[in-house]
Structure formats: C-alpha cells, structure tokens
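Chemist: One structure is given below, represented as structure tokens, and several questions about it will come after.
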C-alpha cells in the first residue's frame, strides 16, 4: 500500500474520534462498541501491520531530524487495553527512540513538588516518542474522585477550594501549550470502555492463570466509583480538548479496533510534521567521499 493512501486511510479511521473543542463534548454520544464501519478483523489486522511499518519509518525520520518530539498520553478505566495498545501499535518502533512512563501513586518526593513536576521530568527529548501510561491527568481524575488524596498533596488549605479543578484544567492547558510551542506534539487518547466489557475482562483475568497477575482488588474498588469517573472524564475532556492538544475518544470494547484507531491517529500526526532525513551539506559529502575512498583502498 502506498504511503499516501495508507495515511489517508489511517486518518479516516481515527478522525471521527478527535475532539479539539471540548465545550460540546458528551461522553454518552460516543459508543464504546463502535468500529467506524469496519467489520473485517482480518483486513484490519493487515492494515495494522502496514501501519506499524509506516510508524517505524516515521519514527526513524523523527529521530534523525531531531527537531520535534511526540508525547502520547493514554488514559482509561482499568482493563481498557492501554498496555495492549502500546504493545501492538508501537511494536515496530526502535526502543532507542521511544520511552514509556507509567504513573502510579506519587512517591513522598513527588508529593513535595507541584502536581506536574514528575510528568515534566519524563517529557521526551527532541527526536523521540514518549508514552505516558496514565499521566498528570490523574490529578483531575482519581484525585477528584477520591478527595482524600488531595489532602495528601500537602497544599495550603486556602488553595484547596472548589475552584481547584478548574485551575488545574487551566494549568494543564497552559502546560500543553508550552510543550507545543517548544516542539513537543501532545496526542491524548481516552480508551472508552463500557462497564459490561470491563466486567467481562475482569472475569477473564480471574479465570485465566496467565492473567491472574493483572488482577487487583483495587480494580474492583475503583469499579464502584464508575459513575464518578465517567463524570470526571467527561469534564476533563470538555475542559482540556484543544487544537494544540486534542483528545481522541477511542472505542475500547473491541481491542482490534482500538489499536487500529490509535495507530491511525499517530500516523496522521507524524505525517503532518513533514518529516525528512536531514540533508548532508557539501563539506560533509566531501568528507564521506574521502572515507569511502579510504575504505575501498584498504586491504581489509
């Protein structure tokens, strides 16, 4: 498949789920079972293989050009498939040009700093792709659902009023705009999983020994706050979906489609940067010609 056609198809798969103006966003309008009219899993798998190959080419150019960086953020409820999407979509990427950071509960050191500190340290350098498995958005999700966590952040009492969430949205938007202005492209995915599908996947983890390690009682506890999380996710997207850092609300009930749509969004984004291998100047070409001549002249 030609690159131009592949990019066009990739964009068409992902574009319906792109949110760049969040004001009118309603989570209920997005079907977690949707597959954008694609029903042939075999064809989808083949297309994903082509997408992975193209991503590898784009990543190599990104690394060589050393001007842009790409930050990919994954947010979702437990069992939505974040790990699987990262594994399958990024399978062809050179590990030297990519890093994955998983954000767990903050450490004592991290709690002594502002809520964006640990994330800013992990932002990818120029030429690289950085993936956040969960992110600073936990500060307006889990911390909002569990207000007691805010108490543990050691903030002055007068800074923990009801306006704190709106202030954090503003800080996040400013942070993402700052990154964008410094050549870091921010791409955000919310994997939209239904409660019924989450239950099914939890049961699979319990019934399959090789998946037992993935299960935690904390997962069940969080499931009890499903409505609170759905409300928090909706308001988060409404408040932080911007042109410079859009959200993609990806249907997650069908893993094969989730991976396809994620790959499509990344391909479209990287393609828009017009990445090319750096051109070698005249002096460098002269130097390389001398090296070639020396190598051909040598006996070994």
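Chemist: Could you work out the percent of alpha carbon pairs in region 161-266 separated by over 22 Å, rounded to a whole number?
Modeler: 49 percent
Chemist: GNM, the chain, Cα, under 10 Å: largest mean-square fluctuation among 58, 215, 47?
Modeler: Comparing 58, 215, 47 in the GNM, the peak value goes to 215.
Chemist: On to the next question. Based on the mean of other beta carbon atoms within 10 Å per residue, what is the order of 128-136, 199-207, most packed first?
Modeler: Ranked by mean Cβ neighbours within 10 Å, highest first: 128-136, 199-207.
Chemist: While we're on this one: Please report 236, 208, 217 as a ranked list, fewest other C-beta atoms within 10 angstrom at the top and most at the bottom.
Modeler: The order, fewest Cβ neighbours first, is 217, 208, 236.
Chemist: Using a 7 Å offset from the Cα along the Cα-to-Cβ direction at both residue 28 and residue 121, what is the distance between the two label points in nm, to one decimal?
Modeler: 4.3 nm
Chemist: Now for a different question. Please state the relative contact order of region 1-152 as a whole percent: Cα pairs under 8 Å, 6+ residues apart?
Modeler: 27 percent
Chemist: Taking the chain as a Gaussian network, where each spring joins two C-alpha atoms under 10 Å apart, which residue of 139, 112, 235 fluctuates the most?
Modeler: Largest GNM mean-square fluctuation: 112.
Chemist: Please compute the volume of the convex hull spanned by the alpha-carbon atoms of the chain and report it per residue in Å³.
Modeler: 193 Å³
Chemist: How far, in nm, would the chain grow between residue 214 and residue 104 when pulled straight, counting 0.36 nm per residue and subtracting the alpha carbon separation?
Modeler: Separation in residues times 0.36 nm, less the Cα-Cα distance, equals 38.1 nm.
Chemist: Cα centroid distance between region 229-256 and region 122-199, in Å?
Modeler: Value for the Cα centre distance between the two parts: 12 Å.
Chemist: Follow-up question, since we're still on this one. Taking other Cβ within 10 Å of each residue's Cβ, how do 239, 12 sort, fewest first?
Modeler: Result, fewest neighbours first: 12, 239.
Chemist: Build a GNM of the chain with springs between Cα atoms under 10 Å: which of 279, 222, 148 gets the top mean-square fluctuation?
Modeler: Of the options given, 279 has the highest mean-square fluctuation.
Chemist: Related question: Over the chain, what is the relative contact order in percent, taking alpha-carbon pairs closer than 8 angstrom and at least six residues apart?
Modeler: 36 percent
Chemist: Find the relative contact order for region 96-224 and round it to a whole percent, using C-alpha pairs within less than 8 Å whose residues are 6+ positions apart.
Modeler: Worked out over region 96-224, it gives 19 percent.
Only the coordinates and a few stated rules stand behind these numbers; no lab work does. Everything quoted here is computed from the prediction, not taken from an experiment. As a convention, Cβ positions derive from the backbone with ideal geometry for all residues, glycine included, and neighbour counts pool all protein chains shown.
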